[in-house]
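The values are calculated or read from the model by the stated rules, or taken from the named source; none is laboratory data. None of these values were measured; they are calculated from a predicted model. When we count neighbours, we look across all protein chains shown, and the Cβ atoms used for this are built from the backbone with ideal geometry, even at glycine.
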Amino acid sequence: MEACYRISTFWKTAAIIGTVVFAVSTIGQIAGVTLADRAALREKYHWPAKIPYPKDDPYSEAKFKLGRMLFFDPILSGSESRSCANCHNPGLSWADGRPRAIGLTQEPLPVRTPTLLGVAWIPKLGWNGRFRDLESVAMTPITAPQMMNLPETLLIERLSAIPAYVDAFKDAFREAEINLREIEQALATFERSIVPTRAPFDQWINDDRTAISKSAERGFDLFNGKANCAACHSGWAFTDASFHDIGTAKDDDIGRGKLSDLGKVALCIQDTDTARRCTAGTLYA
């Protein structure tokens, strides 16, 4: 009887172990990703080796420090009451935590403030991608009447009247006079240095197997497998830096369509009873 009990216990134990082994071996397959695939997928989530500074605006410590000074200085606004950090607050993930940005008159603006975290790796900037690089972004909020409302000429006059800024620009650019291009490059250099901190997920990607839970690992398999989240949310920053129509736009909010001839015609037709005027000067002319 005792021998039968031992045999029964042995087979029950073997069955449990077999079930566990089978479950572990098939979890990845259920998620659409085998355990063998996971290692290859992890390679796609490694951080870039360095920040990509452009050849025509390379990094320098003097330029970085100057850009930081400018970024936090309200002298860059017409009223001298708003700095870049008013909207891009370091304490709010370099954004403002609002559904829409707040303008100079405390009225909501059409779009929300984007974070600057990892902005160095974003190939097209602005909510509709109209900016080709960080250097081309800087003067838009500074000069926009509803944002910082400071004309370019007055900006240069103000900075040129402050000895500390004159010296800082000379250290960074070796030029006799301050100009707009230098302001753009200094701000862009500082903004490219704004990167996220490492999360437990990043530690796991870098071979710390205890950094995330087993449940999170299975979530990673689903994310890259059957759920197909990685089709858009890919790479170390979890974005493909592209533009997608997710069906939430209203009225004249057509995203990048505003930059195309077709989009311009569509918006124009909304405001007129004839399409003839709208096609003038476009690809239909």
Is at least one residue of the stretch 144-152 in the same structural domain as S81 (by TED's automatic domain parsing), surrounded by fewer than 18 Cβ atoms within 10 Å (Cβ to Cβ) and within 25 Å of P54 (Cα to Cα)?
yes
Return the residue satisfying two criteria in turn: it lies in the stretch 158-186 and is of a type in the set (D, E) and assigned to a helix (DSSP H, G or I), and of such residues it is nearest to L125 (Cα to Cα).
E184
Can T189 be described as assigned to a helix (DSSP H, G or I), surrounded by 14 or more Cβ atoms within 10 Å (Cβ to Cβ) and among the hydroxyl-bearing types (S, T, Y)?
yes
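Can you tell which of A85, A101, A62 is at pLDDT 95 or above, more than 30 Å from E217 (Cβ to Cβ), small (G, A, S) and within 22 Å of the chain's Cα centre (by Cα)? Step through it out loud before you land on a result.
Numbers: A101 fails: at pLDDT 95 or above; A62 fails: within 22 Å of the chain's Cα centre (by Cα).
The conditions single out A85.
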Could you give me the residue pairs with C-beta distances under 6 Å whose first residue belongs to the stretch 157-177 and is without any contact (Cβ under 8 Å) to a residue 40 or more places away in the chain, whose second residue is β-branched (V, I, T) and surrounded by 11 or more Cβ atoms within 10 Å (Cβ to Cβ) wherever it lies, and which are 6+ apart or on separate chains?
S160/I178
Can F238 be described as in a loop (DSSP other than H, G, I, E, B), at pLDDT below 90 and not assigned by TED's automatic domain parsing to the domain that holds I122?
no
Restricted to the stretch 94-116 and to residues being surrounded by fewer than 16 Cβ atoms within 10 Å (Cβ to Cβ) and not β-branched (V, I, T), the residue nearest to F190 (Cα to Cα) is G97
Answer residue from the stretch 229-254, given it is among the polar types (S, T, N, Q) and free of Cβ contacts under 8 Å to residues at least 12 places away in the same chain and is surrounded by the fewest Cβ atoms within 10 Å (Cβ to Cβ) among those:
T248
Starting from residues that are under 18 Å from the mean Cα position of the chain (by Cα) and surrounded by fewer than 12 Cβ atoms within 10 Å (Cβ to Cβ), keep the ones in the stretch 36-51 and report whichever is farthest from A188 (Cα to Cα).
A49
Mind telling me which of the residues S83, S136, S79 ends up being closer than 27 Å to V166 by Cβ and loosely packed, with under 14 Cβ neighbours inside 10 Å?
S79
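Restricting the search to the stretch 111-123, which residues are in a loop (DSSP other than H, G, I, E, B) and either without any contact (Cβ under 8 Å) to a residue 40 or more places away in the chain or of a type in the set (F, W, Y) (or both)?
Pass one, the stretch 111-123, residues in a loop (DSSP other than H, G, I, E, B): 111-118, 122-123.
Across the stretch 111-123, the qualifying residues are V111, R112, T113, P114, T115.
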Within the set of pairs 6 or more residues apart or between chains, which connect a residue that is free of Cβ contacts under 8 Å to residues at least 24 places away in the same chain inside the stretch 124-145 to a residue that is polar (S, T, N, Q) and surrounded by fewer than 15 Cβ atoms within 10 Å (Cβ to Cβ) with Cβ atoms less than 8 Å apart?
L125/S136; F131/T140
Looking only at the stretch 213-223, which residues are in contact (Cβ under 8 Å) with a residue 24 or more places away in the chain, of a type outside the set (D, E, K, R) and under 17 Å from A199 (Cβ atoms)?
F220
Report, ordered by the first and then the second residue, all pairs with beta carbons closer than 6 Å, sequence separation of six or more or different chains, a first member in the stretch 27-56 that is modelled with pLDDT of 90 or more, and a second member that is among the aromatic types (F, W, Y).
Y45/W236; W47/W236; Y53/Y59
